[in-house]
Amino acid sequence: MRRVAVLGATGSIGISALDVIARHPGEMRAAVLAAGSNVEALLEACRRHRPDDAAIADEAALPRLRDGLREAGLATRAHAGMDAITALAGDAGTDTVVAAIVGAAGLDSTLAAARAGKRLLLANKESLVLAGELVMAAARDHGARIIPIDSEHNAIFQCLPADGGCGDVRRLVLTASGGPFRGRARDSLAAVTPAQAIAHPKWSMGPKISVDSATLMNKGLEVIEAHHLFGLPSSRIDVLVHPQSLVHSLVEFIDGSTLAQLGLPDMRTALAVGLGWPRRIESGVGGLDLLAQGRLDFEPPDTDAFPCLALAFGALDAGGTAPAVLNAANEEAVSAFLQGRIGFLSIPALVEEALAALPAQPAASLDTLREADALARDATRRALARHAH
Ligand code: NAD
Ligand code: MG
């Protein structure tokens, strides 16, 4: 029986993970559920999945969580605070962790799961962007098996040989949908609204990653993520816009073969790969009808309209603390955009300013990275005033 901790249980990935888990009642169960602040949604998930432990990051929500669990007649233990979530991520009561908290807030629990040698279904790409070397080293040192839950990286994982080796790989090609503003000129993006930005044409996702998809920062974060997961330099990671979002990524080998993974844009496939691996299990996702789809198109990314992609490549090449700065500035800028405080084009501008203000330092330790993250957040919050509507 696989015992799974779903961190970010109330979000888009968490709900998809619980959907797949519930399809295999004899083989796996959600033993731990954790969320940020939406206690009612967490209680709803607890009523349905009856976990051993439930945790909410917002400590003020603990009494309501406790009362709700009691009212539902559940024996589920209630916890609150980020430290409790981190402890549960590393606790021996589970063997598998779905890391689906959004943002750098997911780093501690991702690291705890890696250090505990868990099977780590890693959706929280920001933890790899911020501290990829440390996360990968922790997984290596403690025997954790990371299975990427990002459609592109999960596709690459499926295309690579069983030992995950990239020795025969010439290059990786990450596909990108292009987001809701594909084909638009930079000037026309100045006045787009948060509602327009989160209306993704192909994927239904949380608000932060939806905005990242609209700016192409998501693809930039994914290039950094791929570098850490697969150990290839940026020069061997390419990005191709593919508006249908059916080819989830490609691996080109030294003999000229290219393998790709295709499927409908539904994250339950990637989650089923992670939960069932090395077996294939039912995910609830139907097959691909290529005749009905008709065609597969490919085009280069527009780096003029969407400068975030180049900023991310630059941060990866600068190394050290630069990716942490990129990520933190982006989180702050996206949050301000979603609150209606700044325009869409201020997102790349703020990230670029933070990278310029905080030149890359060697990332000697987790503390150095956390400090870079904090400095970038401060710098970006201060710069917001200049960008305010
Ligand atoms: P979401 O906004 O729908 O959900 C985020 C979850 O994180 C929620 O359950 C929320 O309660 C929880 N959370 C937020 N802050 C927290 C905190 N401080 N402590 C504990 N929990 C906290 O986001 P999502 O779309 O599910 O994305 C989650 C992660 O997966 C992101 O890193 C994203 O980049 C990645 N991802 C998502 C998709 C997708 O299809 N949605 C695809 C690839 C990767
Ligand atoms: Mg992705």
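Please work out if Gly343 is in the same structural domain as Ala364 (by TED's automatic domain parsing) and at positive phi. Reasoning before the result, please.
On the way: in the same structural domain as Ala364 (by TED's automatic domain parsing): yes; at positive phi: no.
Answer is no for this residue.
Identify all residues within the stretch 127-171 that are polar (S, T, N, Q) and under 27 Å from Val325 (Cα atoms); write none if there are none. Before you say what the answer is, go through the steps one by one.
Residues of the stretch 127-171 that are polar (S, T, N, Q), as a first pass: 127, 151, 154, 158.
Those that are polar (S, T, N, Q) and under 27 Å from Val325 (Cα atoms): Ser127, Ser151, Asn154.
Checked against the criterion of being acidic (Asp, Glu) and within 16 Å of ligand 1 (Cβ to nearest atom), the candidates Asp266, Asp255, Asp187, Asp163 yield just one match: Asp266.
Tell me, yes or no, whether the stretch 16-27 has at least one residue that is within 16 Å of ligand 2 (Cβ to nearest atom), buried (at least 18 other Cβ atoms within 10 Å of the Cβ) and touching a residue at least 12 places away in the same chain (Cβ under 8 Å).
Initial filter on the stretch 16-27 (within 16 Å of ligand 2 (Cβ to nearest atom)): 16-17.
Now restrict to residues that are buried (at least 18 other Cβ atoms within 10 Å of the Cβ): 16-17.
Subset that is touching a residue at least 12 places away in the same chain (Cβ under 8 Å): 16-17.
Scanning the stretch 16-27 turns up at least one residue that is within 16 Å of ligand 2 (Cβ to nearest atom), buried (at least 18 other Cβ atoms within 10 Å of the Cβ) and touching a residue at least 12 places away in the same chain (Cβ under 8 Å).
Please go through the stretch 350-374 and pick out each residue that is surrounded by 18 or more Cβ atoms within 10 Å (Cβ to Cβ) and among the hydrophobic types (A, V, I, L, M, F, W, C). Scanning the stretch 350-374 gives Leu350, Val351, Ala354, Leu355, Leu358, Ala360, Ala363, Leu369, Ala372.
From the list Ala270, Ala324, Ala260, the one residue that fits, being over 28 Å from Gln158 (Cβ atoms), touching a Ser or Thr at 6+ places or on another chain (Cβ under 9 Å) and surrounded by 14 or more Cβ atoms within 10 Å (Cβ to Cβ), is Ala324. Output yes when any residue across the stretch 62-69 is farther than 17 Å from Ala9 by Cα and without any contact (Cβ under 8 Å) to a residue 12 or more places away in the chain, and no when none is. Yes, that holds for at least one residue.
Where in the stretch 159-255 are there helices (runs of 4 or more DSSP H), lying fully within it, with 3 or more residues that are within 12 Å of ligand 2 (Cβ to nearest atom)? So that I can check it myself, show each step before the final result.
Numbers: elements: 194-197, 207-215, 217-230.
Counting at least 3 such residues, we get 207-215, 217-230.
Taking the criterion of being over 16 Å from Gly11 (Cα atoms), of a type outside the set (A, V, I, L, M) and in contact with an Asp or Glu (Cβ under 8 Å, 6 or more places away or on another chain), would at least one residue in the stretch 96-103 satisfy it? I'd like the intermediate steps shown before the answer.
Narrowing the stretch 96-103 to residues over 16 Å from Gly11 (Cα atoms): 96.
Restricting the remaining residues to those that are of a type outside the set (A, V, I, L, M) gives 96.
In the following step, the residues that additionally are in contact with an Asp or Glu (Cβ under 8 Å, 6 or more places away or on another chain) were identified as none.
For the stretch 96-103, residues over 16 Å from Gly11 (Cα atoms), of a type outside the set (A, V, I, L, M) and in contact with an Asp or Glu (Cβ under 8 Å, 6 or more places away or on another chain): absent.
Every condition in (1) more than 25 Å from Gly178 (Cβ to Cβ); (2) under 19 Å from the mean Cα position of the chain (by Cα) holds for Val334 except the one numbered (1).
Within the stretch 103-138, restricting attention to residues that are small (Gly, Ala, Ser) and closer than 30 Å to Leu246 by Cβ, the residue that is surrounded by the most Cβ atoms within 10 Å (Cβ to Cβ) is Ala123.
The values are calculated or read from the model by the stated rules, or taken from the named source; none is laboratory data. The model shown is predicted, which means the values in this text are computed figures rather than measured ones. Cβ sites come from the backbone with ideal geometry, for glycine too, and all protein chains shown count toward neighbours.
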